[in-house]
Amino acid sequence: MDWSEQVVLVTGATGSFGRKFAELMLREYHPRKFIIFSRDELKQHDMRAAGFDHPSLRYFIGDVRDPQRLERAFSGVTVLVHAAALKQVPACEYNPFEAIQTNIMGGRNVIEAAINQGVRRILALSTDKAVNPINLYGATKLCAEKMFVHANAYAGAQDTRFSCARYGNVVGSRGSVIPIFLEQRKRGKVTVTDPRMTRFWITLEQGARFVVDCIERMHGGEIFVPKIPSMKLVEMAEALAPGCEVEYVGRYAPLLEQHLGEQDPYRPGAARKAAGQRDRRRRRDRSHEEVTLVWARAHCTRITASPSNTTRSTNAV
C-alpha cells in the first residue's frame with residue numbers, strides 16, 4: 001500500500017489516539033493529505049500550537065452526528081479511521097441517549113457518507129468492552145462493530161471495504177487510571193474498586209501502529225484483535241505507587257453480585273474482568289503471531305462486477 005498516494009481522514013482526531021496516529025503518519029508514512037476531523041475547535045488549536053502544522057494537514061470542524069458535514073469532509077478521502085466516540089463508561093451510563101446518538105447513529109452516518117463518497121478503506125476503532133458487554137458503552141460499540149462489518153454488503157460492487165480494530169485500555173491516555181494512581185501516590189493511598197479487576201493494556205504507539213497494520217491487511221469484514229497483556233489493577237497500583245496503601249472501594253456483597261453478575265456495584269458499568277474475544281470455540285477465528293482475526297458468524301454477500309459478467313461472491317465477515 002502506497003501511503004504517499006492516500007488521503008487519510010481520522011474522526012475524533014484531536015483525542016489521544018488521533019494525535020499519536022497523526023504524528024506517526026506524518027513522521028513515517030507521509031500521506032498526500034491528512035485530515036483532522038473533530039468537533040472541538042480548542043483542541044484543534046492546541047494541536048496546531050503543539051507543532052501539528054505540516055503542509056499536508058487539514059483541519060475540519062464537524063460532528064459525526066451531522067451527515068451533511070461528513071459528506072463534505074469525506075470527498076476525495078481514500079482511507080478513513082473512525083475514532084470519534086463517547087468513551088467514558090460512567091458518562092455513557094448517565095447519558096444513554098447521547099451515547100447512542102454518537103456511537104451508533106454517528107457510526108451509521110460515517111458508513112453512509114463513506115459509501116456515498118467512495119472511500120476505499122474504513123477502519124472503525126472498537127474496544128474490548130464490546131465483548132459480552134455489561135455497560136452501555138460496550139453495547140454501543142458492539143452495535144457499531146456489527147454495523148461496520150455488515151456495511152460491506154451495503155457497499156455493493158464499489159471498492160469500499162469496512163473493518164474493525166478492537167483493543168484494550170490505552171496507557172496514559174485521557175481517562176486512563178494511570179494518571180489517577182500517580183496523583184493518589186502523592187497522598188500515600190491509591191483506590192481500587194475490586195482486587196480481582198483485570199484490564200488489557202496497550203501503549204499509544206502500539207495502538208497507532210496496530211491500526212496502520214490493520215488498514216494494510218484488511219479485505220473487508222475483519223475484526224482485528226491484538227495480542228496484548230492483561231494485568232490486575234491492584235498489581236498496576238502497586239507498581240506505580242510502591243509502598244502506598246491500597247484501599248478497596250467497591251461495595252462487595254455476594255447477594256448483590258448474584259443479581260449484577262460481573263457488573264461492579266460501585267462504579268456503574270464497570271466490568272470486573274476484561275475480555276478481548278467471545279468464546280473462541282463458537283467462532284471461526286484466525287490466530288497469527290501478533291493479532292487475532294475475529295470473523296462474524298453471518299455471511300456478507302457482495303456483488304462483484306467484472307468486464308465479462310457479474311458474479312456473486314459470499315465471504316464470511
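Listed by chain and number, the lysines whose alpha-carbon sits under 28 Å from that of Lys43, ignoring those within fewer than 8 places in the same chain, are Lys20, Lys33, Lys87, Lys129, Lys141. Does the range 44-113 classify as rounded, prolate or oblate by the C-alpha gyration tensor (a ≥ b ≥ c root eigenvalues; a/c under 1.5 gives rounded; else a/b over b/c gives prolate, otherwise oblate)? Cα axes put the range 44-113 in the oblate bin. With a Förster radius of 30 Å applied to the C-beta separation of Ile134 and Glu41, the computed FRET efficiency comes to 0.25. Between the range 80-138 and the range 205-234, the alpha-carbon centres lie 17 Å apart. Across the range 81-86, rounded Karplus estimates of 3J(HN,Hα) from the backbone phi angles (6.51 cos²θ - 1.76 cosθ + 1.60, θ = phi - 60°) give 10, 9, 10, 5, 5, 8 Hz, Gly and Pro being marked x.
With the highest mean first, a sort of the peptides 140-147, 156-163, 48-55, 30-37 on other beta-carbon atoms found within 10 angstrom per residue produces 140-147, 30-37, 156-163, 48-55.
With R₀ set to 45 Å, the beta-carbon distance separating Phe97 from Ile178 gives a calculated FRET efficiency near 0.90.
A protection proxy built from the mean count of other Cβ atoms within 10 Å ranks the segments 77-86, 107-116, most packed first, as 77-86, 107-116.
Would you mind getting me the FRET efficiency between Ser230 and Asn116? Use the beta-carbon distance for r and R0 = 30 Å, nearest 0.05. For Ser230 and Asn116, the calculated efficiency is 0.15.
Scalar couplings 3J(HN,Hα) for the range 235-246, obtained by applying the Karplus form with A = 6.51, B = -1.76, C = 1.60 to θ = phi - 60°, are 5, 5, 4, 5, 6, 7, 10, x, x, 7, 6, 9 Hz; x denotes Gly and Pro.
Is the shape of the range 18-170 rounded, prolate or oblate, going by the alpha carbon gyration tensor and its root eigenvalues a ≥ b ≥ c, with a/c under 1.5 for rounded and a/b larger than b/c for prolate? The shape class here is oblate.
The numbers here are math on the coordinates, done by the rules we state, and not lab data. Being a predicted model, the structure only gives us computed values, none of them experimental. Note that we place each Cβ from the backbone using ideal geometry, even for glycine, and neighbour counts take in every protein chain shown.
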